[in-house]
Amino acid sequence: MAFYLYYISIFWGYRPFFKDNVLTKYVDSGYPHYEILIQATLFGLAFNLINTITDRTHISRKPLWQIILIKSILYLASVSITEMIVIGVFSLLGFSEKNYFQFLEIATPGLFISFFLYFLVAIIFINFFLQMNRKIGPGNMFNLLIGRYHNPREENRIFMFLDLVGSTTIAEQIGHKTYSQLLRHCFHDLTDIVLKYKAEIYQYVGDEVVLTWTVKNGLERLNCIKTFFDFENELQKRKHFYLDRFDIVPQFRTGLDMGLVTVAEIGDIKREIAFHGDVLNTAARLQGICKNYECQMLISDHLAINLNSMDGFSKQFIGEVKLRGRQERIKVYRIEREKISL
């Protein structure tokens, strides 16, 4: 779309005012469509490759302006490379009855500068949009734009509250500034896992992160369960880093619940999508009592009865528990990874 917009903005509507020359012959030949198709396809592949690589390296941990700058430079380099590939393809296939190459011969530096400036602005805008979508949360930008939750609506969702074990003691031992760095690294390690298991990051609250899924995405292949245990595995894989840097290996506890919540767009100056309902309170309370039962994960019976397969995990009924702020007791289950027998 960006490539075609440049073509249309220059020629569409202005063509009747141009005198016939090498440029108009090339435009009228239809070959610009082939040029745009080839270059846009190649650039699209390069665009995806650049995003994939940079989002999975330490570049993603840099300040926002540095990420945009680095990606924009890589994008512009890709545009130049793909243009050279187009010239090579046209040369090999003998396209455009030499009009294309005659056009290149008479093209002025101003034309290339205008092309460069257009794509510089377009790429920075697209890159900024993608980075903001990533910062706000995949899908939330689109939902805000279309006003999906402008009027409150109800949805069935799964919520997970993840909390760092011994956070107060850790903060006192290593200092609040170092403690903030610890949390930053932990939540960066969580990012790829969140994307892998189709979760959405709802909120960061101090040393706690709240994840949510649609029921379909959360139950699919036990995504809502695997997210936590894969996160724990990632922290263990990087334990030497955490020990060297912070002298601890972070551990988390979690509580999960599933049910009906109200989703609404709130705020004006700082607008966001908010969830309201008893499901969030229950998940938070379950996370809070994990310590009492010496376990890492507790889930409610609302979620437990919908987990059709527990392949690789065990589900143990703890009993009916009265949670703070609730009148009735709820059935609670402990979830653990099954140990592999050797």
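A straight Cα-to-Cα reach below 19 Å connects K177 with the lysines K62, residues fewer than 8 places away in its own chain not being considered. Between the helical axis of 278-288 and the longest alpha-carbon principal axis of the chain there is an angle of about 60 degrees.
Note on E172, E232: ascending count of other Cβ atoms within 10 Å places them as E172, E232, the fewest first. Ranking of E338, E220, E328, E200 by neighbouring Cβ atoms within 10 Å, starting from the fewest: E328, E338, E220, E200. Each residue of segment 220-232 was assigned a 3J(HN,Hα) from its phi angle through the Karplus expression (A = 6.51, B = -1.76, C = 1.60, θ = phi - 60°), giving 4, 6, 6, 4, 5, 7, 5, 4, 5, 6, 5, 5, 4 Hz with x at Gly and Pro. Residue order for S78, S9, S300, fewest other beta carbons within 10 angstrom first, comes to S9, S78, S300. Build a GNM of the chain with springs between Cα atoms under 10 Å apart, and of L92, L235, L120 the one that fluctuates most is L92. Cross-link check: pairs K198/K315; K198/K322; K196/K216 evaluated at a Cα-Cα cut-off of 26 Å; pairs beyond the cut-off: K198/K322.
Set against the labelled values [x] 44; [y] 25; [z] 52, percent of Cα pairs over 34 Å apart computed from this structure falls on [x]. Each residue of segment 197-206 is assigned a 3J(HN,Hα), and the resulting list reads 9, 6, 8, 10, 7, 7, 8, 10, 10, x Hz, derived from the Karplus form 6.51 cos²θ - 1.76 cosθ + 1.60 (θ = phi - 60°), x at Gly and Pro. Put simply, the amide H of V249, placed in the peptide plane, has no neighbours under 5 Å, leaving out anything fewer than 5 places away on its chain. Look at where the Cα atoms of segment 18-76 and of segment 107-183 average out, and the two centres are 22 Å apart. When the chain is described by a simple charge dipole with +1 on each Lys and Arg Cβ and -1 on each Asp and Glu Cβ, the residue from M132, L93, G175 located farthest towards its positive end is G175. Along segment 235-240 the Karplus relation, 6.51 cos²θ - 1.76 cosθ + 1.60 evaluated at θ = phi - 60°, assigns HN-Hα couplings of 5, 5, 5, 9, 5, 5 Hz to successive residues, with x for each Gly and Pro.
When the chain is described by a simple charge dipole with +1 on each Lys and Arg Cβ and -1 on each Asp and Glu Cβ, the residue from S9, G312, S300 located farthest towards its positive end is S300.
Where a number appears in this text, it was derived from the coordinates with a stated rule and is not lab data. Given the structure is predicted, the values throughout are model-derived calculations rather than measurements. Neighbour counts run over all protein chains shown; Cβ positions are idealised from the backbone, glycine included.
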